[in-house]
Every structure is written in C-alpha cells, then in structure tokens.
1. When you count, for each residue, the other Cβ atoms within 10 Å and take the mean per peptide, how do 32-41, 13-22 rank with the highest first?
2. Applying 1/(1 + (r/R0)^6) with R0 = 22 Å to the Cβ-Cβ distance of residue 95 and residue 65, what FRET efficiency is obtained, to the nearest 0.05?
3. Longer than 21 Å from Cα to Cα, which of 10/98; 54/98; 13/54 are they? Say none if no pair is.
4. Show me the ranking of peptides 70-78, 50-58, 135-143 by mean Cβ neighbours inside 10 Å, starting with the highest.
5. Quick one: length gained pulling residue 115 to residue 33 fully straight, 0.36 nm per residue minus the C-alpha distance?
Amino acid sequence: MSRKNTYQTKQMKELRDFLIAREGRHVTVKDICRYFDEVGKPVGTATVYRNLEKMVEAGMVAKYSSDPSDSACFEYIGAGEKCCRPSCFHLKCQQCGKLIHLECDEIIHLKEHMLAAHGFELNPARTVFYGVCSDCLEAGGRKKVTGCKAQERRMEDEDK
C-alpha cells in the first residue's frame, strides 16, 4: 500500500515540476501525456486528470474550459495564488486554437461598464474572447502587434 502511495506521489511531483517549468502557459492533458511519453515516462490519461484535479482543489493549478467541445487547459499558478485579478481574462485564437492569458488594465473599463450599464458582472476566470492571435495575423500578412500601450504606460509610471 505504501509503495502505491509513493508511486502516486512521484507522479504528482513530476507533473508539478512539468507545470512549474511552463508557469504562465496553458497545457492540456494531451500535451502532458505526450511530454511524458517523449521522455520515456508514460503516464495514463486518467492519472493525469486525477492529479490535476487534486492540484486544482489545492489552488496550485487553474483549470480553463473555453469551449465545451474543446479539452480543458490547465495553468500552474503557484501555491494558493488565484489568477482572478479584475484585469485577467483569456483570448482564444479561432485559427490555431491557442489560449492566451491576458492581463490588461484596459479590460477593467469593459468590466466596469458591463456592471454599471447592463447590471452584469463578468467573471474574468470564465470569460474568453474569441478572435485571431498575432502569430496567425502575421502569417496571414497582417502586421504583428507587439504589445499593449496601456500596459507599457502603467509600467513606465511604476518605474518613476
């Protein structure tokens, strides 16, 4: 019995290390299983789901389901840190499927407007904006966007 618990603990640690190495990025169970297969440590899909759910319950990992037909994405957020700042939303590229973590203070204006004018409070952790990412825009011949001017101004103000 203790041997089984040790084995699960080892898998949990390896999964946690995998997620920490990708902190701030979204991964699917398929991504995780593929990685462990490639490094010669295959792990079952059910085991990955079970361990991820434990990490979600512990507050170490955030789970995002942008579309019922898509696989859930997971993101390491640290011990007990929640990703739910008022300005934290997600973007989903309709061309490549990438899920982008968006922290932009400008989005607060939309959130405040929705509440004040429409009596509707947005949930940042569950709000996903659909469109086309900058990489796909660039691949289609459009100019790549390099950054948010509002974020740049805020960071400059903090440096002063």
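1. 13-22, 32-41
2. With a Förster radius of 22 Å, E is 0.65.
3. 10/98; 54/98
4. 70-78, 50-58, 135-143
5. Once the chain is fully extended between residue 115 and residue 33, it gains 25.4 nm.
Only the coordinates and a few stated rules stand behind these numbers; no lab work does. Because the structure is predicted, anything quoted here is derived from the model rather than measured. Using ideal geometry, Cβ is built from the backbone for each residue, glycine included, and neighbour counts are taken over all protein chains shown.
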